[in-house]
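J.: First the structure, then my questions, so here it is.
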Amino acid sequence: MDRRNSPEVLVVTGGIACGKSSFCDEWQALYSGSSLFCADEAVHEVYRDPDVVGRLVDVLGCPVADDGSVDRAGLRELVMGDPEKRRVLEGIVHPMVRAAALKAYRQAADDGSRWFLADVPLYFEGEGRFVVDAGILEQAPKAVVVGVGTATQMRRMKERNGFDNETSRAILAAQMPVAEKLKLASFVVWNEGTLDALRSQVVLLHKRLANAPVDDHSEAGD
Ligand SMILES: CC(C)(COP(=O)(O)OP(=O)(O)OC[C@H]1O[C@@H](n2cnc3c(N)ncnc32)[C@H](O)[C@@H]1O)[C@@H](O)C(=O)NCCC(=O)NCCS
Ligand SMILES: Nc1ncnc2c1ncn2[C@@H]1O[C@H](COP(=O)(O)OP(=O)(O)OP(=O)(O)O)[C@@H](O)[C@H]1O
């Protein structure tokens, strides 16, 4: 692929309910020519595939919803407190998510997008290899960590998802703490303020990236 026509990849990551989707929504609303890949949505898509559902039922006893897709609330209960089951699930799902990301990146390139935002919650749990392992780039791109304190994560999970403290704590325990992710970030967006404050940080980051010399992170493969 012609490097000059390649979208610049920006990984967006952070802990649960920190505001990754909100960051991406603000970015997309402000900057046309941005393509978004969301790993959580790719997972949800995969869970509608009958072959995948069948495999998860066989391997994990995965609960199934009335429409034949994975019952995600039931699966969450099954895996969040059980590291071994989670490892098995991730081993099945993550390669499919990487394949979906590569497809989305190629589409973004065909569309002539300037930016490719990859919302990947478990990016650092996966040692920052997602984009390279997906075959998108040969070197890891810049990663922005959207962060808030644990109390805000707990409050937003309760308000948005209706999770009780036990459920929220089990999810947090399955993730690298936000404080650790901040240390690995190329850029930090601190989302304890208002949505206006989040938007201001999006604008600042975009300004900085748009004016920065392009890194030498050549594409993998063709
Ligand atoms: C547990 C599941 C069924 C819950 O589904 P649900 O629709 O309620 O949540 P959703 O998928 O939108 O995820 C919300 C957040 O949960 C956290 N989360 C999801 N999976 C994991 C995991 N394996 N480990 C730690 N945190 C996770 C992330 O912060 C994510 O942003 C689902 O998240 C899942 O199947 N996870 C395993 C696949 C995976 O690793 N997904 C992460 C992106 S690759
Ligand atoms: N600055 C903010 N002020 C108030 N509410 C916010 C702010 N940012 C995000 N929220 C709210 O917090 C919740 C979590 O935000 P969002 O969905 O963007 O997080 P996320 O990191 O993408 O979550 P997940 O890990 O579940 O994918 C949502 O209900 C969102 O509306």
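The values are calculated or read from the model by the stated rules, or taken from the named source; none is laboratory data. Model, not experiment: these values are computed from the prediction. No Cβ is skipped: glycine too gets one built from the backbone with ideal geometry, and neighbour counts run over all protein chains shown. For accessibility, only protein heavy atoms count, side chains too; no ligands or nucleic acids. Shrake-Rupley method; radii C 1.70, N 1.55, O 1.52, S 1.80 Å.
J.: Rounding to the nearest 20 debye, state how big the charge dipole of the range 1-132 is about its Cα centre with +1 on each Lys and Arg Cβ and -1 on each Asp and Glu Cβ. Please list the in-between numbers first.
T.: Values: 15 positive and 22 negative charges, 94 e Å.
Dipole of the range 1-132, to the nearest 20 debye: 460 debye.
J.: If you don't mind, another one. Only helical DSSP H runs with n ≥ 4 go in: add -39500 (n - 2.57) per run for the chain, normalise by residue count and round the 222 nm mean residue ellipticity to 500 deg cm²/dmol.
T.: Helix contribution divided over all residues of the chain: -16000 deg cm²/dmol.
J.: Report, to the nearest whole %, how much of the accessible area of the range 76-222 belongs to carbon and sulfur atoms, 1.4 Å probe, protein only.
T.: Details: 4090 of 7900 Å².
It is 52 percent, rounded to a whole number.
J.: Here is a follow-up. Sequence-distant or interchain residues sharing an amide H contact under 5 Å with Val9, placed H: which?
T.: Sorted by chain and number, the residues that satisfy this are Phe116.
J.: For the chain, compute the number of Lys pairs whose alpha carbons are separated by less than 21 Å, excluding pairs fewer than 8 positions apart on the same chain.
T.: Close lysine pairs found across the chain: 9.
J.: Roughly how many debye, to the nearest 20, is the charge dipole of the range 24-96 about its Cα centre, given +1 on each Lys and Arg Cβ, -1 on each Asp and Glu Cβ, and no other charges?
T.: 240
J.: Something else about it: How big is the dipole moment of the chain about its Cα centre under a simple scheme where the beta carbon of each Lys and Arg is +1, that of each Asp and Glu is -1, and everything else is neutral? Debye, nearest 20, please.
T.: Dipole of the chain, to the nearest 20 debye: 640 debye.
J.: Residue-wise, which Karplus ³J(HN,Hα) couplings in Hz belong to the range 81-92, taking 6.51 cos²θ - 1.76 cosθ + 1.60, θ = phi - 60°, and x for glycine or proline?
T.: Values per residue, Gly and Pro as x: x, 9, x, 5, 5, 5, 5, 4, 4, 4, x, 7 Hz.
J.: If you don't mind, there's one more thing I want to ask. Once you compute Rg and the Kirkwood Rh from C-alpha atoms, what is the Rg to Rh ratio for the range 161-207?
T.: Rounded to two decimals, Rg/Rh equals 1.09.
J.: Return a whole-number percent for the relative contact order of the chain, with Cα pairs under 8 Å and 6 or more residues apart as the contact set.
T.: Over the chain, the number comes to 33 percent.
J.: Suppose we take every Cα in the range 1-105 and form the convex hull; what volume per residue is that in Å³?
T.: Given the Cα convex hull of the range 1-105, per-residue volume reads 133 Å³.
J.: Shifting gears a bit: Given a 1.4 Å probe and heavy atoms of the protein chains only, how would you sort Thr150, Thr13, largest accessible area at the top?
T.: Descending accessible area places them as Thr150, Thr13.
J.: I'd like to check one number: the per residue accessible area of the chain, probe 1.4 Å, reported in Å² as a whole number.
T.: On a per-residue basis, 52 Å².
J.: Taking a quarter of the surface of the Cα convex hull of the range 83-161, what do you get in nm²?
T.: 7.0
J.: Report the one residue of Leu198, Val11, Ala42 whose Cα lies farthest in the direction of the positive end of the charge dipole of the chain (charges on C-beta: Lys and Arg +1, Asp and Glu -1; origin at the Cα centre).
T.: Farthest towards the positive pole: Leu198.
J.: Using the Cα centre of the range 84-157 as origin and beta-carbon charges of +1 (Lys, Arg) and -1 (Asp, Glu), tell me which of Ala100, Pro141, Val88 is placed farthest towards the positive end of the dipole.
T.: The residue sitting most towards the positive pole is Val88.
J.: What is the log10 of I(q)/I(0) for the chain, computed with the Debye formula using one identical point scatterer on each Cα and no solvent, at q = 0.18 Å⁻¹?
T.: Values, matching the q order: -1.42.
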